[in-house]
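A short write-up of the structure that comes next.
The values are calculated or read from the model by the stated rules, or taken from the named source; none is laboratory data. This one's a predicted model, so the numbers in the text were calculated from it and none came from an experiment. In this analysis, Cβ positions are derived from the backbone assuming ideal geometry, glycine residues included, and neighbour counts consider all displayed protein chains.
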Ligand SMILES: [Zn+2]
Ligand SMILES: [Zn+2]
């Protein structure tokens, strides 16, 4: 049987190890992908540190996967060998629960996560349910496209569903892995974009990425600064620092929405009076399903909105993960797998 190289976590809190594994065979309704590139995401911490309920080991993480369909299982009509595809966080759904019957696959009660419920893209091959697979435009470079399957879809999908119309003032809180993509998407969707950051050295970059305004939130009150611009229709919170999110909520304008994609368990404070008077709201947004991934990828290909990345070979997955988790990378880390396809 053919074997492949994979980077796996042997047990909760264990170190990455590079192993030879059997190339997995696609079962009923499954697709095998020869991996070209896989992004390293902060949520891979769930695997590394054993934070996901019920996760089994050893486990190969990775939910920002780009590659080529290499084999399909029985019952797969939609995908053929040779197609270029991506696989993101949403790793399949049951089609039967209440959420699925409403077409809300992201909220499936029996939903799977790529690289958590089944082995992900830190490997030369992975097998995924066919409904988790997204078509990948040829125009996108594999390494650059990988983070779009998680950081990209999350910010793109949140913005396009935010209710803001072209020309509205949209603020992006935090210019990091998510935020540097959000600024590009917001600008290319036609919004007036304000970038908010605690780092003054992000100003040039934020403006290059398309920000019309840069608010340095250490020496300016970010809420006042946004009110001076007329009040934000949407504040997209991308940096998981609850005090920083609390500090910007006063910048919402009439009908404004604080839209949170920054994953933190710490509470955010809002003023009920401000919410009531301005008819404002606070909301969260999950990433999206494979169709949302396709929309994200197509939009990125059309507009050239791509992440800034640092690449590492698969054999250095441990170092790549450390670089990401220590917040050193500008801005997304990608494993160059490009094995056998
Ligand atoms: Zn992710
Ligand atoms: Zn379901």
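Looking at 322, 289, which is the one that is in contact with a strand residue (DSSP E or B) (Cβ under 9 Å, 6 or more places away or on another chain) and either surrounded by fewer than 19 Cβ atoms within 10 Å (Cβ to Cβ) or closer than 20 Å to residue 162 by Cα (or both)?
Going through 322, 289 in turn, just one is in contact with a strand residue (DSSP E or B) (Cβ under 9 Å, 6 or more places away or on another chain) and either surrounded by fewer than 19 Cβ atoms within 10 Å (Cβ to Cβ) or closer than 20 Å to residue 162 by Cα (or both): 289.
The strands (runs of 3 or more DSSP E) found wholly in the range 137-231 and carrying at least 1 residues that are more than 20 Å from residue 260 (Cα to Cα) occupy 213-216.
So that you can scan it fast, the table gives a plain yes or no per residue for (1) in the same structural domain as residue 61 (by TED's automatic domain parsing); (2) surrounded by fewer than 24 Cβ atoms within 10 Å (Cβ to Cβ); (3) within 16 Å of ligand 2 (Cβ to nearest atom); (4) more than 20 Å from residue 208 (Cα to Cα):
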{"residue": "135", "(1), (2), (3), (4)": "yes, yes, no, yes"}
{"residue": "140", "(1), (2), (3), (4)": "yes, yes, no, yes"}
{"residue": "143", "(1), (2), (3), (4)": "yes, yes, no, yes"}
{"residue": "158", "(1), (2), (3), (4)": "no, no, no, yes"}
{"residue": "162", "(1), (2), (3), (4)": "no, yes, no, yes"}
{"residue": "170", "(1), (2), (3), (4)": "no, no, no, no"}
{"residue": "175", "(1), (2), (3), (4)": "no, no, no, no"}
{"residue": "181", "(1), (2), (3), (4)": "no, no, no, no"}
{"residue": "185", "(1), (2), (3), (4)": "no, no, no, no"}
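For the range 306-313, the count of residues that are surrounded by fewer than 18 Cβ atoms within 10 Å (Cβ to Cβ), touching a residue at least 60 places away in the same chain (Cβ under 8 Å) and assigned to a helix (DSSP H, G or I) is zero.
Within the set 222, 286, 267, the sole residue that is touching a helix residue (DSSP H, G or I) at 6+ places or on another chain (Cβ under 9 Å) and touching a residue at least 60 places away in the same chain (Cβ under 8 Å) turns out to be 286.
Residue 73 passes all but one of (1) farther than 18 Å from residue 145 by Cβ; (2) within 16 Å of ligand 2 (Cβ to nearest atom); which number fails? The failed condition is (2).
Within the bounds of the range 121-128, is there any residue that is assigned to a loop (DSSP other than H, G, I, E, B) and either under 13 Å from residue 290 (Cα atoms) or out of contact with any strand residue (DSSP E or B) (no Cβ under 9 Å at 6 or more places or on another chain) (or both)? Spell out the reasoning first.
Applying the first criterion (assigned to a loop (DSSP other than H, G, I, E, B)) to the range 121-128 yields 121-122, 124.
Restricting the remaining residues to those that are either under 13 Å from residue 290 (Cα atoms) or out of contact with any strand residue (DSSP E or B) (no Cβ under 9 Å at 6 or more places or on another chain) (or both) gives none.
No, that holds for no residue.
Just to be sure, is residue 239 assigned to a helix (DSSP H, G or I) and outside the structural domain of residue 303 (by TED's automatic domain parsing)? Spelling it out, it is not the case that residue 239 is assigned to a helix (DSSP H, G or I) and outside the structural domain of residue 303 (by TED's automatic domain parsing).
Return yes when residue 61 is in the same structural domain as residue 11 (by TED's automatic domain parsing) and either within 16 Å of ligand 2 (Cβ to nearest atom) or closer than 23 Å to residue 2 by Cα (or both) and no when it is not.
Working: in the same structural domain as residue 11 (by TED's automatic domain parsing): yes; either within 16 Å of ligand 2 (Cβ to nearest atom) or closer than 23 Å to residue 2 by Cα (or both): yes.
Yes: the conditions hold for residue 61.
Residues of the range 81-97 that are in a strand (DSSP E or B) and within 16 Å of ligand 1 (Cβ to nearest atom): 86, 87, 90. If I filter the range 104-125 down to residues being crowded, with 22+ Cβ neighbours inside 10 Å and more than 12 Å from residue 88 (Cα to Cα), which single residue comes out as farthest from ligand 2 (Cβ to nearest atom)? Among residues in the range 104-125 that are crowded, with 22+ Cβ neighbours inside 10 Å and more than 12 Å from residue 88 (Cα to Cα), the one farthest from ligand 2 (Cβ to nearest atom) is 124. Taking the criterion of being at pLDDT 95 or above and part of a loop (DSSP other than H, G, I, E, B), the only residue of the range 242-266 that qualifies is 261. The set of residues in the range 29-63 that are within 16 Å of ligand 1 (Cβ to nearest atom) and surrounded by fewer than 22 Cβ atoms within 10 Å (Cβ to Cβ) comprises 42, 43, 45, 46, 48, 49, 51, 52, 55.
Looking at residue 100, is it in the same structural domain as residue 36 (by TED's automatic domain parsing), near ligand 2 (Cβ under 10 Å from one of its atoms), assigned to a loop (DSSP other than H, G, I, E, B) and without any contact (Cβ under 8 Å) to a residue 60 or more places away in the chain? Break it down stepwise before answering.
Values: in the same structural domain as residue 36 (by TED's automatic domain parsing): yes; near ligand 2 (Cβ under 10 Å from one of its atoms): yes; assigned to a loop (DSSP other than H, G, I, E, B): no; without any contact (Cβ under 8 Å) to a residue 60 or more places away in the chain: yes.
Considered against the rule, which asks whether it is in the same structural domain as residue 36 (by TED's automatic domain parsing), near ligand 2 (Cβ under 10 Å from one of its atoms), assigned to a loop (DSSP other than H, G, I, E, B) and without any contact (Cβ under 8 Å) to a residue 60 or more places away in the chain, residue 100 comes out as no.
Here are 112, 130: which of them is modelled with pLDDT of 95 or more, assigned by TED's automatic domain parsing to the domain that holds residue 8 and away from ligand 1 (no atom under 16 Å from the Cβ)? If you could, list the steps in order and put the result at the bottom.
On the way: 112 fails: away from ligand 1 (no atom under 16 Å from the Cβ).
Result: 130 is the single residue among 112, 130 that is modelled with pLDDT of 95 or more, assigned by TED's automatic domain parsing to the domain that holds residue 8 and away from ligand 1 (no atom under 16 Å from the Cβ).
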